[in-house]
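These notes concern the structure reproduced below.
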């Protein structure tokens, strides 16, 4: 085994990662309760989770899962096209389509699987995909897998997008996130919609970090801006504000029917458990309710406090309302050191480094939850100042 590893230079690759400050390792938690996590007798306030509404460990979630397991048991046993499709899946997909205002929806095992199944199923070698430079890795990988010509425009650069649309060949798909996962800023969706309409392109919007947090009933940024009916492909996850796992694509009935027949990550994956679909439907109803509205108000209020905190430290906040706040550090080694100091102070904020973000733009990605409190934000501010001063 050692000889084979040397042949492939695995040891050298690992040493290089360490030398560049890009080494990563798994750190299993013993317990996660709300925004508090514990392991090996230590405890931290978690500012790195995407559980924006604080639903993952809620009583409502536990009850929904228990009810689903009692009713449906464990695994689904097969892929959706074999014998793994259940009424619970259909009910969730009908509810998601109603939520997003589309004719139909299809659920996948993850948000990554949605992208990998959807884009190659719709686009091919004669087509063009135009992506925002900061689009999520799943969208980039899916575009590459499709075989289409790929064009990239600088982040939120509308003039470049328009020039690319003018010269694009074949069927044209514009791809963007609504709230960007690493920067927390918003896409200019109204302008992007106008451009895609002008040139007859389709538009895919990944609302992973906006659904549940923004818009009427938590339907996302496109709905908040009133352009949701002009988005052709609505992609989202069920693992962030929803607090569970999975992903979905909401679109026309014809598009969903095509995905059922061509999306390889859907066709060749075992269906998500029936009880998971049941629980997600319960949580979707909660997100659309007055309780969901109250949770949105809580997380956005906490996010504003955190925005103000960073502003007081001279850190510019990203435009748009979101629960993601990046603190750009720069060099990966310094970001690792600041993250480590915060961990010693009782705050869990792992640093984000290349290749997730560009070299030289390593950062702390602070994410907020409805379960965070004002005193916790104040304490974070003090710990951040001390960690940054120590590094200076």
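For the stretch 222-232, the tally of residues that are touching a residue at least 60 places away in the same chain (Cβ under 8 Å) and in contact with a helix residue (DSSP H, G or I) (Cβ under 7 Å, 6 or more places away or on another chain) stands at 2.
Working only within the stretch 166-198, note down all residues that are under 22 Å from the mean Cα position of the chain (by Cα) and in a strand (DSSP E or B). Steps first, please.
Keep residues of the stretch 166-198 that are under 22 Å from the mean Cα position of the chain (by Cα), which gives 173-190, 192-193.
Those that are under 22 Å from the mean Cα position of the chain (by Cα) and in a strand (DSSP E or B): 173, 174, 175, 176, 177, 179, 186.
For the stretch 147-164, the count of residues that are in a loop (DSSP other than H, G, I, E, B) and farther than 28 Å from residue 328 by Cα is nonzero. Flag set for residue 223, criterion: in a helix (DSSP H, G or I) and crowded, with 18+ Cβ neighbours inside 10 Å.
Tallying residues that are crowded, with 21+ Cβ neighbours inside 10 Å and part of a loop (DSSP other than H, G, I, E, B) within the stretch 358-391 yields 5. Filtered by the rule that a residue be within 17 Å of the chain's Cα centre (by Cα) and either more than 18 Å from residue 235 (Cα to Cα) or touching a residue at least 24 places away in the same chain (Cβ under 8 Å) (or both), the stretch 134-152 gives 134, 135, 136, 137, 138, 139, 141, 142. Looking at the structure I just gave you, is residue 169 surrounded by fewer than 15 Cβ atoms within 10 Å (Cβ to Cβ), assigned by TED's automatic domain parsing to the domain that holds residue 111 and in contact (Cβ under 8 Å) with a residue 24 or more places away in the chain? Against the criterion (surrounded by fewer than 15 Cβ atoms within 10 Å (Cβ to Cβ), assigned by TED's automatic domain parsing to the domain that holds residue 111 and in contact (Cβ under 8 Å) with a residue 24 or more places away in the chain), residue 169 qualifies.
The values are calculated or read from the model by the stated rules, or taken from the named source; none is laboratory data. These numbers were taken from a predicted model, which means no experiment stands behind them. Note: ideal-geometry Cβ built from the backbone for every residue, glycine included; neighbour counts use all protein chains shown.
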